[in-house]
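What follows is a short report on a single structure.
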Amino acid sequence: MSIQTLRVHTAPEYTVTIGPGLLKECGPRLREAVPLCHMAVVTDSTVAPLYLETVKTSLQEAGYQVSAYIFPAGEAHKNLDTLSSILEFLAEEHLTRTDCVAALGGGVTGDMAGLAAALYLRGIKYVQLPTTLLSAVDSSVGGKTAIDLSAGKNLAGAFLQPAAVLCDTDCLETLPSAVFADGAAEAIKTAVLADPGLFNSLEDGMIPALDPAALIAGCVSYKAGVVERDEKEQGERKLLNLGHTVGHAIEKCSNFTIPHGHAVAAGLAIIARASKRLGWTLEDGINAWTADRICSTLSLTGLPISTEYSAGALAQAALSDKKRAGDSITIVVPRTIGDCVLKKIHVTELEAIIRTGLEV
Ligand code: GLY
């Protein structure tokens, strides 16, 4: 299988490399983007036994000084306590401004290690080594770093683009099916936003047959374009939040026990049904309403299309969503596959919209 490289034209620019065997070669592959330095690998208790030795060995053989920080796996640990421990670790290890953090893992690791890099010494380099489909197709690219606060998801963060992303598709082979489905939710989101061809394949249950590198490259290439045009989410990048307003509310209501992709899937289904019932979707001409196609694709992929939480609880949770601006919040509405629009609503309208979409 071939290795693909994509360039993200932000400041700084960086390369996303996608293909098999990349973790074993991460040392030499990072040399161009990150001159030899002290590399602090941040990873979690699930990923460390699988890949940490491979990464450390490759980095050391390439000439990097390497240290590693392992935190307990799970979104519940994406908080100020863990962030603070990572920062203390970087200081104890005497990392300097020319050193680098390597985020080895899924979305939680990438977001939190990226934020530690953004804060430490007012900002040092970091690289993303995603090991899940979710981090490969979405969170490792674009420079959003964050931790959760008690009030909600990703409420403290910074924009800092990585120096490089190495996406080893071999890692996807060890993923439990629920974790794979988590990433598939973000791929379905991308397809609904911009790729009717990909949506058709996903709709036909083809995801296991797709070349993972091509799937990831397609999603990253779309996202890279959006991020290049709107790095700080002033406009177009808000579209990438499709399904996320309700999704983040579900994560918060569940005390972060429902994984991100599963929550986004339910959020996407709820906003799609609400859009259909409120007359915001278009007939797509293929004998099915967009909302029905989205919901059946999510179900086929093993993802939820609803939630046990009430419209009131979800709307309450969404009040502290960072997408809120004063008394308004911008939601993303799927009109048809490949055509989504931003809709600014008053916060008081959100509960009724969620209620409209809640019932399956
Ligand atoms: N995950 C959405 C974004 O990066 O903007």
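The values are calculated or read from the model by the stated rules, or taken from the named source; none is laboratory data. Keep in mind it's a predicted model, so treat the numbers as computed, not measured. In this analysis, Cβ positions are derived from the backbone assuming ideal geometry, glycine residues included, and neighbour counts consider all displayed protein chains. SASA here: full protein model, heavy atoms, side chains in, ligands and nucleic acids out. Shrake-Rupley method; radii C 1.70, N 1.55, O 1.52, S 1.80 Å.
Scanning the stretch 145-182 for residues that are open to solvent by 20 Å² or more (accessible area, probe 1.4 Å), touching a residue at least 60 places away in the same chain (Cβ under 8 Å) and not in a helix (DSSP H, G or I) turns up Leu149, Ala151, Asn154, Leu155, Ala156, Phe159.
Could you tell me which of the residues Leu202, Leu215 is closer than 15 Å to Val16 by Cα and away from the ligand (no atom under 16 Å from the Cβ)?
Leu215
Annotation: Lys153 fulfils all but one of (1) within 16 Å of the ligand (Cβ to nearest atom); (2) modelled with pLDDT of 95 or more; the unmet one is (2). Would you check which residues across the stretch 125-134 are open to solvent by less than 10 Å² (accessible area, probe 1.4 Å) and among the β-branched types (Val, Ile, Thr) and list them? Listed by number, the residues that qualify are Val127, Thr131.
Starting from residues that are touching a Pro at 6+ places or on another chain (Cβ under 8 Å) and of a type outside the set (Val, Ile, Thr), keep the ones in the stretch 281-298 and report whichever is modelled with the lowest pLDDT. Lay out the reasoning, then the answer.
Taking the stretch 281-298 as the starting set, the residues that turn out to be touching a Pro at 6+ places or on another chain (Cβ under 8 Å) are 281, 290-291, 294, 298.
Add one more test, that the residue is of a type outside the set (Val, Ile, Thr), and what stays is 291, 298.
On the way: Ala291: 94, Leu298: 97.
Filtering first and then ranking leaves Ala291.
Taking the conditions exactly as written (open to solvent by less than 40 Å² (accessible area, probe 1.4 Å) and at pLDDT below 95), does Ser201 satisfy them or not? Here the answer is yes, as Ser201 does meet what is asked. The one condition from (1) surrounded by 21 or more Cβ atoms within 10 Å (Cβ to Cβ); (2) modelled with pLDDT of 95 or more that Lys238 does not meet is (1). Residues in the stretch 119-144 that are part of a helix (DSSP H, G or I), within 15 Å of the ligand (Cβ to nearest atom) and free of Cβ contacts under 8 Å to residues at least 60 places away in the same chain: Ser135, Ser139. Listed by position, the strands (runs of 3 or more DSSP E) contained in the stretch 14-76 that have at least 3 residues being open to solvent by 10 Å² or more (accessible area, probe 1.4 Å) are 65-71. Of note, Asp230 does not satisfy the criterion of being acidic (Asp, Glu), open to solvent by less than 30 Å² (accessible area, probe 1.4 Å), in contact with a His (Cβ under 7 Å, 6 or more places away or on another chain) and within 26 Å of Val246 (Cβ to Cβ).
All of Ala181, Ala163, Ala187 fail the test of being among the aliphatic types (A, V, I, L, M) and within 16 Å of the ligand (Cβ to nearest atom), apart from Ala187. Here are Thr109, Thr82, Thr98: which of them is within 16 Å of the ligand (Cβ to nearest atom) and β-branched (Val, Ile, Thr)? Being within 16 Å of the ligand (Cβ to nearest atom) and β-branched (Val, Ile, Thr) holds for just one of Thr109, Thr82, Thr98, which is Thr109.
Consider Thr96 carefully, then state whether it is polar (S, T, N, Q), touching a Leu at 6+ places or on another chain (Cβ under 7 Å) and over 26 Å from Thr301 (Cβ atoms). Taking the combined requirement at face value, the residue does not satisfy it. Test Ala213 against the criterion of being closer than 18 Å to Ser306 by Cβ and open to solvent by less than 30 Å² (accessible area, probe 1.4 Å), and give yes or no. Considered against the rule, which asks whether it is closer than 18 Å to Ser306 by Cβ and open to solvent by less than 30 Å² (accessible area, probe 1.4 Å), Ala213 comes out as no.
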